[in-house]
Amino acid sequence: MKLLEGKNAIITGASRGIGTGIARVFAENGANVAFTYSSSEGPALELEKELSGLGVKVKAYKSNAASFEAAEQLVASVLEDFGGIDILINNAGITKDNLLMRMSEADFDSVIEINLKSVFNMTKAVQRTMLKQRKGSIVNMSSVVGVKGNAGQANYAASKAGMIGFTKSVALELGSRNIRCNAIAPGFIETEMTAKLDEKVVQGWREGIPLKRGGSPEDIANACLFFASDLSAYVTGQVLNVDGGMLT
Ligand code: NAP
């Protein structure tokens, strides 16, 4: 039996990068996958088609993670289309990097809204369903930057550190109802988000990583699979660094 056989999962921001990796690994492991995107309709529909070929139900939804109303509508649509929600992966995220001196209020606010408020929006929207089922697993995609901080990323680091506090609080609140909430802190993962960085800087990072390479979306997806499945049935409120040893 596959690890996620028959489970329904919502993954935010799966039209590319880490989210696509998670959707693929989940579908390969038997999960039905509802996933969101913001603007990449072409890749989202391609992924929907590809993963539907694995014999599970897969559907892409255009939904802005930063909007409270959109999260409620999304969850209502997913419940209608899939009949239940067992797993929520809060993965959608952006960067708008700058030194504090040059960081605009708009760039601070949009990073907090898309990365952090989205987690509140989605978790609140699935809560009732998971409470009724007395079962659920929520995984929040934080970052090593939320644990350690990073010059030029005060907005991003604040959003990712906020996700860790949110994760631990929700784990404490919902544990008695068998709803688990954990976070993953990826290190340097090779996606479009990191492709915009200077190659020399990136090379310096790779050399500083004990495993001497950047991570892949699959590396993160496998950690998500652990948290989403019953393999981690007794694990909640944790932050797992998946970073090649970067923070060691
Ligand atoms: P990515 O390649 O830039 O992909 C971001 C995904 O989020 C896309 O599917 C995008 O949809 C979606 N998205 C962006 N804004 C959205 C919004 N307002 N509403 C809904 N979806 C939205 O990023 P990634 O590297 O895969 O990162 C995924 C997550 O991991 C993020 O939370 C990121 O902070 C975190 N992370 C990444 C790294 C890394 O090294 N890559 C390290 C640590 C943590 P569209 O395609 O439609 O824009």
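The values are calculated or read from the model by the stated rules, or taken from the named source; none is laboratory data. Everything quoted here is computed from the prediction, not taken from an experiment. We place every Cβ from the backbone using ideal geometry, glycine too, and count neighbours over all the protein chains shown.
The numbered conditions (1) within 15 Å of the ligand (Cβ to nearest atom); (2) in contact (Cβ under 8 Å) with a residue 40 or more places away in the chain; (3) crowded, with 24+ Cβ neighbours inside 10 Å; (4) within 25 Å of K135 (Cα to Cα) are all true for S15 except (4). Between F108, F26, F82, the distinction of being within 24 Å of D243 (Cα to Cα), more than 14 Å from the ligand (Cβ to nearest atom) and crowded, with 16+ Cβ neighbours inside 10 Å belongs to F26 only. Annotation: of all residues in the stretch 205-222 being outside any loop (DSSP other than H, G, I, E, B) and more than 8 Å from the ligand (Cβ to nearest atom), the one that is modelled with the lowest pLDDT is W205.
Is it true that some residue in the stretch 207-224 is closer than 15 Å to A9 by Cβ and out of contact with any strand residue (DSSP E or B) (no Cβ under 9 Å at 6 or more places or on another chain)? Within the stretch 207-224, one or more residues are closer than 15 Å to A9 by Cβ and out of contact with any strand residue (DSSP E or B) (no Cβ under 9 Å at 6 or more places or on another chain).
Taken over the stretch 111-150, the criterion of being over 14 Å from the mean Cα position of the chain (by Cα), outside any helix (DSSP H, G or I) and within 16 Å of the ligand (Cβ to nearest atom) is satisfied by G149, N150.
Which of the residues belonging to the stretch 33-50 are surrounded by 24 or more Cβ atoms within 10 Å (Cβ to Cβ) and more than 10 Å from the ligand (Cβ to nearest atom)? Across the stretch 33-50, the qualifying residues are V33, A34. Selection of first residues in the stretch 81-94 that are of a type in the set (F, W, Y) and of second residues that are within 16 Å of the ligand (Cβ to nearest atom) and not in a helix (DSSP H, G or I), restricted to Cβ pairs under 8 Å at least 6 apart or on distinct chains, gives the following pairs, ordered by first then second residue: F82/A34; F82/K59.
Is there a residue being surrounded by 23 or more Cβ atoms within 10 Å (Cβ to Cβ) and away from the ligand (no atom under 13 Å from the Cβ) anywhere in the stretch 64-71? There is no residue in the stretch 64-71 that is surrounded by 23 or more Cβ atoms within 10 Å (Cβ to Cβ) and away from the ligand (no atom under 13 Å from the Cβ). Take the conditions (1) more than 18 Å from F227 (Cα to Cα); (2) within 10 Å of the ligand (Cβ to nearest atom); (3) of a type outside the set (V, I, T); G21 misses just one of them, which is (1).
Residues of the stretch 26-46 that are under 17 Å from the mean Cα position of the chain (by Cα) and either of a type in the set (A, V, I, L, M, F, W, C) or assigned to a helix (DSSP H, G or I) (or both): F26, A27, A31, V33, A34, F35, A44. When K196 is tested against (1) within 24 Å of V25 (Cα to Cα); (2) modelled with pLDDT under 95, just one condition goes unmet, and that condition is (1). When the stretch 223-248 is filtered for residues that are crowded, with 16+ Cβ neighbours inside 10 Å, part of a helix (DSSP H, G or I) and not hydrophobic (A, V, I, L, M, F, W, C), only S232 remains.
Scanning the stretch 165-204 for residues that are assigned to a helix (DSSP H, G or I) and of a type in the set (D, E, K, R) yields a count of 6.
Considered as a group, the residues in the stretch 177-191 that are more than 12 Å from I220 (Cα to Cα) and not hydrophobic (A, V, I, L, M, F, W, C) include one that is nearest to the ligand (Cβ to nearest atom), and that residue is N182. Among the residues of the stretch 1-9, are any near the ligand (Cβ under 8 Å from one of its atoms), surrounded by fewer than 24 Cβ atoms within 10 Å (Cβ to Cβ) and at pLDDT 95 or above? Looking for residues that are near the ligand (Cβ under 8 Å from one of its atoms), surrounded by fewer than 24 Cβ atoms within 10 Å (Cβ to Cβ) and at pLDDT 95 or above, one finds none in the stretch 1-9, hence no. Report whether or not V242 is over 22 Å from M103 (Cβ atoms) and either of a type in the set (S, T, Y) or out of contact with any Pro (no Cβ under 9 Å at 6 or more places or on another chain) (or both). No: the conditions fail for V242.
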